[in-house]
Amino acid sequence: MGATVLFLPSPSASGSWGSTVRLAAIAEECRRRGDRVVFHACEPTDALLRERGLEVAPFRGIAPASLARGPIDTFHDICEVLGFSEPASWERLLRDEDDMIAEVAPDVVVADMRPTAPLSAARHGVPLVACAWAGADPRLHASGDHPYDDLARAVAAKWCDLVPDSMAELMFWRSDRQLALSFPAFEPELADAPAVAYTGYLRDTWRPAGGEARPPVPERLVVVYASSSPWGVPRIADALDEAARRAAVTVWCVLRSDTPARRLSDRCEVFRYLPMDDVLPESAALVFHGGLSTALASVHYGAPALAVPGRHYERRRNADRLGAMGLGITGELGDLLPSRLSALFERLVDDTGLTAAAETARAEAARYGGAAAAADAVHGLL
């Protein structure tokens, strides 16, 4: 009989595709090993997980702040966007988790972007695995005197015997094991974090039932994921089409969720759903917004990348790391004009320095076990 593993994803009703998919990959590997896997998740995360056949106990999520706010310059800005500022929301979530842990009786808890998880795990004496990322390293992104840090200490004092130094320290380091779901070359800052294990990239192996087969991958394919800010610029599909024509490449792109699939020309096609784990192994290059999951996919598959992160500190940090590793270029919104974008397409596909660095990164990334390594770390606490 396997263990019971309780997964606690972000409680924000804004959703987090990358974080959810990473946790689902770990859960599916644990399930393959005979474990019972249970998620405590809110909308829209719960629907994504149920679609994958995972057991979900729902709860009412924390309402996010306006997603149209200004620049994301700090870790605390992320917390504000996710809606983590209200003590009443923490208290409600802690009561829900109290009931959930009592009902499920987990052997271990796995959490990501869940500020209450360490408090609930400590209250019930359950081992906790937390996902760590450099953008929330408390040595770099926590002063200890921010109002969110005061909030974390105040709620912890009422709920258990933990005394956190900061919100970031509570959320990511107050655990028995930290999972760096990446590579030392990409997040070297975490190498000396307490109880850290690098797992490498976590592939998403799930595919929707009855999904349409994608066409064969053409030569000189550039995959563009433009579904998030700062990509809300007018006529982006037309700009991609024209840039593809000028650079003699083919572009497959995913735009915002309400954008219908369509074929603009022989050079440019818009998809509603395009799993990066299906296309990046055969693609020449990648263009995206700088998000962590896609940046790690670039490393894992050895795809030279153009990142356009906008005013978001964590995405810009990811873009800078790809650049430091030699396989990435950081762009600005002005680079989305066809004349500039076509030149960048040509560089991504034809620059031998970029492609050589990408191949070196891919070979190094292949040493890591991905979801299997993550599940090993979880089972190591049983």
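Assorted remarks:
- Loop-resident GluC sites (Glu not before Pro) (DSSP state other than H, G, I, E or B) in segment 317-382 with no more than 13 further Cβ atoms inside 10 Å of their Cβ: GLU332.
- Linear extension gain, ALA185 paired with ALA209, 0.36 nm per residue minus alpha-carbon span: 5.0 nm
- Shown in residue order for segment 246-252 are the 3J(HN,Hα) couplings computed by the Karplus curve 6.51 cos²θ - 1.76 cosθ + 1.60 at θ = phi - 60°: 5, 8, 6, 10, 10, 10, 10 Hz (x for Gly and Pro).
- Each pair of Cα atoms in the chain enters the Kirkwood radius, and Stokes-Einstein at 4 °C and 1.567 mPa s then converts it into a translational diffusion coefficient of 61 µm²/s.
- Evaluated with a Cβ-only charge set (Lys, Arg +1; Asp, Glu -1), segment 4-175 carries a dipole of roughly 380 debye about its Cα centre, given to the nearest 20.
- Other residues lying with their Cβ under 10 Å from the Cβ of LEU179 contribute a combined charge of +1, Lys and Arg counting +1, Asp and Glu -1.
- Dipole-positive endmost among SER339, MET325, GLY34 within the chain (Cβ charges, Cα centre): SER339
- With the charge dipole of the chain set up from +1 on Lys and Arg Cβ and -1 on Asp and Glu Cβ about the Cα centre, the Cα lying farthest toward the positive end among the listed residues SER298, PRO64, PRO260 is that of PRO260.
- Simple spin-label estimate for ARG340 and ALA154 gives 4.4 nm between the two label positions (7 Å along the Cα-to-Cβ direction from each Cα).
- If R0 equals 45 Å, the separation of the Cβ atoms of THR259 and ARG367 corresponds to a calculated FRET efficiency of about 0.75.
- Cβ-based charge dipole, segment 221-365, positive-most Cα from HIS289, ALA356, HIS312: HIS312
- Projected label distance in nm at THR360 and ARG95, using a 7 Å step from Cα toward the beta-carbon: 5.7 nm
- Candidates ALA180, ALA13, ALA168, ranked by Gaussian network fluctuation over the chain, Cα under 10 Å, top entry: ALA13
- Residue-span extension gain [ASP165 to THR352] - 0.36 nm each, minus C-alpha spacing: 62.7 nm
Since every read-out is calculated from the coordinates, none of them should be taken as a lab result. Since we're looking at a predicted model, the values are computed, not measured. Counting neighbours? That spans all protein chains shown, and the Cβs are built from the backbone with ideal geometry, glycine included.
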